[in-house]
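Asks: Before we start, here is the structure in question, set down as structure tokens.
Just so it is clear, none of the values below were taken in a lab; they were calculated from the coordinates. Since the model is a prediction, treat every value here as computed from it, not as a measurement. Heads up, the Cβs are rebuilt from the backbone with ideal geometry, glycines too, and the neighbour counts pull from every protein chain shown.
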Amino acid sequence: MNRSYIMSKVYNWQINRDMSYPYEGKYPERQFASVFNINRCIACQTCTMACKSTWTYSKGQELMWWNNVETKPYGGYPQHWDVKLLNLMQMAHNRQEKSMTWNDEGEYNGMTIFEAAEKEKTENGQSRVLGYLPEDHEWTKPNIGEDASPPKVTKTDKMGFVSEPVKLPEHKSFFFYLQRICNHCTYPACLAACPRKAIYKRDEDGVVLIDQERCRGYRKCVEACPYKKAMYNGQTKITEKCIACYPRLEGQDNHITPDGVSVETRCMSSCVGKIRMQGLVKMNQDGLWTKDEENPLYWLIHKEKVALPLYPQFGTEPNIFYIPPRWAPRSYLTQMFGPGVEQAIDKYAAPSRELMAILQLFRAQREVIYKYQIKKGPKIYEKEITLSDGSQKRLNIFNDTVIGYNEKGNECVRTTVEEPMYERPAIHFNSI
Ligand code: SF4
Ligand code: SF4
């Protein structure tokens, strides 16, 4: 067992404290990040196929899905990935007489996967990160458990039909879709675990890549990544992962970006449900995001706090953020997204004027938006909304115009809250 390394202390803003990590903190100028709005996903898997047909169509990649969309609570790729890791963490906490809880200040009291490994170096065969290696069969069914919800707890009539209406704020029987790619973590577990130092994080955009020349296929990254987004290729005998479509981020494709500005990844730009918005956010050298309230991602994540990281207690500081589903049980969601769930759901359920406008930018076009601006319009709608605690709040909707600007500061999208309607001219009636 290798005990020669020394853990550094780094600040992880998602768990609101310093934590142990095998390397010193080093932060990119800009960080690849994204917000996924779970409430809108229809599990069409267009994102999954856009990724597959671009990057993983070769021999040895047949069961490799860098982007996948799974149905929670039962689905998972690889099967039960989060349940298995949460169990491992729970056992480590039991042995150390600790608990995976958060205090009132939003600080995580438990151990991350790095800290659990540090405490229990000889227990799990993994020196730097608490993890496990999925078995081959667990990767074979990317969509197992699709649309399955936990057993019914609502009343049914003699015919078996639900006799009680399903009401918000929380459904008793539920499922939702979880969209997953590599999180291009600030403290990647895959990078921390690699004995070959074959994994690196790019200075310009924080994208985490595996050097295919250096990798020897030891699969320490597969074992360590808590999200199981590093995948072994049995044909080439080396490991691969999502590359955040970096040629698109670099604006290298003349056909789609003649002026060389960055465009969103394939999975983002193909999203039919308009659930995804990707960006490149500025970072400070202390590991915090640079305050930039004109950037829509900064605004959603740090100002409005409507989008949350997936399993922040793992400690990798993932950079994909989720607007949690309104209808799912809060305890389940809190385990998955941390203590900000109720606040995030309430903000989304009765959105502020600014949030309503920014939500219109999701998938309005494919260039990366660096800045937004809102022009005020008239009030068009009002409604009473039920919040998490069952109380009511009045929602006012305005037909504001929202404008997005690209990397070069040029306008790349302009849209309104109320979707414009176009009437087909009579001459085209019933024609194709
Ligand atoms: S393309 Fe969008 S809506 Fe369809 S499954 Fe993917 S994330 Fe969901
Ligand atoms: S999600 Fe996994 S593979 Fe991606 S950067 Fe984080 S630890 Fe590495």
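Asks: Could you give the dipole magnitude of the range 355-416 about its Cα centre, charging the beta-carbon of Lys and Arg +1 and that of Asp and Glu -1, in debye to the nearest 20?
Replies: For the range 355-416, the charge dipole is close to 140 debye.
Asks: Sticking with this structure for a sec: Taking neighbour Cβ counts within 10 Å as the exposure measure, how do 190, 41, 225 sort from fewest upward?
Replies: Sorted ascending by nearby Cβ count, the order is 41, 190, 225.
Asks: Could I ask something else about it? Please name which of 256, 19, 302 has its Cα lying farthest along the dipole of the chain towards the positive end, using unit charges on Cβ (Lys, Arg +1; Asp, Glu -1) and the Cα centre as origin.
Replies: Highest projection toward the positive end goes to 256.
Asks: Let me ask another. When Lys and Arg each count +1 and Asp and Glu each count -1, what net charge do the other residues less than 15 Å away from residue 430, Cβ to Cβ, add up to?
Replies: With Lys, Arg at +1 and Asp, Glu at -1, the net is 0.
Asks: Take peptides 344-352, 377-385, 255-263 and line them up by average Cβ neighbours within 10 Å, highest first, as a rough protection proxy.
Replies: Most protected by this proxy first, the peptides run 344-352, 255-263, 377-385.
Asks: Something else now. Please give the contour-minus-distance gain from residue 42 to residue 137: 0.36 nm per residue of separation, less the Cα-Cα distance, rounded to one decimal in nm. Walk me through the intermediate numbers first.
Replies: On the way: separation 95, 0.36 × 95 = 34.20 nm, distance 2.67 nm.
31.5 nm is the gain from fully extending residue 42 to residue 137.
Asks: Can you figure out the FRET efficiency of residue 342 with residue 157, using R₀ = 41 Å and their beta-carbon distance, to the nearest 0.05?
Replies: 0.80
Asks: Exposure proxy check: 356, 336 ranked by fewest other beta carbons within 10 Å?
Replies: 356, 336
Asks: Arrange the peptides 93-106, 55-68 so that the one whose residues have, on average, the most other Cβ atoms within 10 Å appears first.
Replies: Going by the mean number of other Cβ atoms within 10 Å, highest first, we get 55-68, 93-106.
Asks: Report relative contact order for the range 355-416 in percent, whole number only (criteria: Cα-Cα under 8 Å, sequence separation at least 6).
Replies: In percent, rounded to a whole number, it is 40.
Asks: Follow-up question, since we're still on this one. Using the Cα centre of the chain as the reference point, and only Cβ charges (+1 on K/R, -1 on D/E), how large is the resulting charge dipole? Debye, rounded to the nearest 20.
Replies: So the dipole magnitude of the chain works out to roughly 520 debye.
Asks: For the range 82-231, what relative contact order do you get, as a whole percent, if you take Cα pairs closer than 8 Å and at least 6 residues apart? Mind showing how you got there, number by number?
Replies: On the way: 164 pairs, mean separation 28.5, N = 150.
With pairs under 8 Å counted, the relative contact order is 19 percent.
Asks: Right, next: Determine, for each peptide in 267-275, 175-183, the mean count of other beta carbons within 10 angstrom over its residues, then list the peptides with the highest first. Write out the running numbers ahead of the final one.
Replies: Values: 267-275: 21.1, 175-183: 24.0.
Ranked from most to least packed, the peptides come out as 175-183, 267-275.
Asks: Normalised by the number of residues in the chain, what is the relative contact order in percent for Cα pairs under 8 Å and 6+ residues apart?
Replies: 19
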